[in-house]
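See below for the structure under consideration.
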Amino acid sequence: MKTIIEPFRIKAVEPIRMTTPVEREEFLRAAGYNVFLLRSEDVIIDLLTDSGTSAMSGEQWAAIMRGDEAYAGSRSWYRFEAAVRDLFGFRHVIPTHQGRAAERILFSTMCKPGDVVPNNTHFDTTRANVEAVGATAVDLPCAESADTQSQYPFKGNMDVAALEALIADVGVDRIPLCMITLTNNSGGGQPASLENIRAVRAVCQRHGIPFYIDACRFAENAYMIHEREPGYSDRRVRDIARELFAHADGCTFSAKKDGLANIGGVLSTNDERLAEQETNLLILTEGFPTYGGLAGRDLDAIAVGLQEVVDEDYLEYRLASVRYLGEGIAQAGVPIIQPPGGHAVYIDAAAFLSDVPPLELPGQALVVELYRAGGIRAVEIGTVMFGRRDPETGRETPGPRELVRLAIPRRVYTQSHIDYVIEVVAEVARRRERIRGFRIVQQAATLRHFTARFESLQDEMSRHVR
Ligand SMILES: Cc1ncc(COP(=O)(O)O)c(C=O)c1O
């Protein structure tokens with residue numbers, strides 16, 4: 001059959017409250033035009049993130065009832081440890097409450113001020129955690145990723161020559177680890193190939209640099225290897241995943257993505273001495289090593305989620321639904337990063353709103369417009385998220401790209417929800433000439449996108465005219 005259907009039936013439903021354009025205008029103003037500050041009940045389709053937003057299966061809810069809440073050595077912990085070890089394969093499994101807690105423990109254990117950490121592209125919390133210990137986060141995406149329209153199948157690859165050059169430039173002693181993010185979220189949700197992972201691994205091994213995977217979306221990456229990389233079409237996804245991890249010395253993982261859970265994370269390593277230091281820090285900040293900031297029931301939900309996420313029928317539907325959204329938007333004449341990623345479609349806001357310069361925040365303008373037109377919540381990945389304001393001069397530097405991400409929560413929305421999103425994007429496209437930019441009027445020193453408040457340049461202009 002041509003139609004790839006959702007491989008599940010719906011057992012519990014969560015009502016969506018419909019809002020009117022007038023209500024949405026009011027909600028936007030009250031939130032300072034920052035969609036992170038909206039109430040979720042005021043959102044019709046929430047594509048802010050695929051993180052922690054998955055619908056759990058009946059088996060996961062059943063596992064939650066089996067959760068063992070003992071402080072130490074619970075049965076839930078042993079089920080969790082076994083599921084993580086079965087797929088990731090590392091000797092030491094350290095549970096954390098989410099991905100960034102694993103990152104904080106990893107970087108504060110491995111890095112010191114002046115160090116340099118290469119990655120295909122750091123996610124925002126990863127970059128912030130590297131920088132929080134005084135190290136520098138360097139992005140080394142492959143050259144193909146710069147061309148948003150190229151159909152190159154592995155745009156999440158790392159630029160191996162650039163990695164070699166970086167090592168030659170700063171010296172091995174300043175590079176305590178090298179990381180690759182699977183899939184490359186900030187670079188468009190694009191996968192890396194096993195060929196590339198092997199090549200990065202070889203460079204790291206030659207220089208004695210530990211190689212880590214940011215494994216948030218390892219299953220989606222593994223499925224795209226299964227679909228696209230020669231020699232892998234008849235390999236099971238779980239085996240491809242195991243092969244990915246076998247090349248690394250450790251990983252960080254947010255179970256809120258490919259753990260199909262609403263909370264949770266993992267830090268894993270083969271290094272005994274490091275694991276001991278990390279565990280000591282875990283006890284200080286997260287909890288005892290057999291729960292690490294999670295309830296026993298969360299550990300159980302993740303243990304089941306890790307088995308379900310490598311199911312090929314699930315992954316075929318997952319990738320097909322993201323592709324369907326991407327193709328629908330592209331057909332409406334809206335430029336997206338091609339090919340659509342594993343968990344999200346990324347609109348090229350700079351190309352879409354070509355009259356709005358980067359420092360007038362075209363991504364933010366589009367995010368606001370999607371909410372205004374149809375109650376859709378998306379996220380800006382551009383100057384708001386990755387630009388910088390010089391604290392001395394107040395001068396802004398734009399981010400590397402102006403993207404708007406429409407992330408699809410796992411197992412939550414049906415095809416008619418996605419059809420609605422395509423319709424709203426097409427409606428916004430019809431009035432794109434009238435869309436104006438924004439400026440930031442309030443911001444925090446780090447991770448400003450979460451709490452910043454904005455003013456519409458249109459409103460500012462009309463105030464001056466008045
Ligand atoms: C690639 C990547 N790394 C790390 C994280 C951080 O995970 P968490 O949100 O669980 O802290 C995220 C979250 O979106 C991510 O996408």
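Every number in this text was worked out from the coordinates using simple rules, so none of it is lab data. All of these numbers come straight from a predicted model, not from anything done at the bench. Don't worry about glycine lacking a Cβ; one is built from the backbone with ideal geometry, like all the others, and counts go over all protein chains shown.
Quick look at the numbers
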quantity: Theoretical FRET efficiency, 1/(1+(r/R0)^6), r = Cβ-Cβ of ALA165 and VAL22, R0 51 Å, to 0.05; calculated: 0.40
quantity: Peptides 63-75, 104-116, 222-234 ordered by average Cβ neighbours within 10 Å, highest first; calculated: 104-116, 222-234, 63-75
quantity: Cα convex hull volume per residue for segment 175-295 (Å³); calculated: 124 Å³
quantity: Against the rule of thumb 2.2 N^0.38 Å, how large the Cα Rg of segment 309-438 comes out; calculated: 1.11
quantity: Magnitude of the charge dipole, segment 196-321, Cβ model with Lys/Arg +1 and Asp/Glu -1, debye to 20; calculated: 300 debye
quantity: Of GLY114, PRO153, ILE175, farthest towards positive along the dipole that unit charges on Lys, Arg, Asp, Glu beta carbons give segment 113-188; calculated: PRO153
quantity: Folded to 0 to 90 degrees: helix 272-285 orientation relative to the chain principal axis, Cα; calculated: 50 degrees
quantity: Segments 255-261, 297-303, 28-34 sorted - mean Cβ within 10 Å per residue, highest first; calculated: 255-261, 297-303, 28-34
quantity: Pairwise FRET efficiency - THR285 versus ALA30, Cβ, R0 = 45 Å, nearest 0.05; calculated: 0.85
quantity: Under 10 Å, Cβ to Cβ, from TRP77 - net charge with Lys/Arg +1 and Asp/Glu -1; calculated: -1
quantity: The chain, dipole about Cα centre (Lys/Arg Cβ +1, Asp/Glu Cβ -1), debye to the nearest 20; calculated: 560 debye
quantity: Mean projection area, nm², convex hull over Cα of segment 134-221; calculated: 5.8 nm²
quantity: Folded to 0 to 90 degrees: helix 75-88 orientation relative to the chain principal axis, Cα; calculated: 80 degrees
quantity: For the chain, alpha-carbon Rg relative to the globular expectation (2.2 N^0.38 Å, N residues); calculated: 0.96
quantity: Signed unit charges on C-beta, dipole axis of the chain, positive-most listed residue ALA295, VAL441, TYR314; calculated: VAL441
quantity: Computed lengthening from PHE450 to GLU276, 0.36 nm per intervening residue step minus Cα-Cα distance; calculated: 59.3 nm
quantity: ARG410, ARG91 arranged by Cβ crowding within 10 Å, fewest neighbours leading; calculated: ARG91, ARG410
quantity: Residues VAL304, VAL367, VAL412, sorted so that the one with the fewest Cβ neighbours within 10 Å comes first; calculated: VAL412, VAL304, VAL367
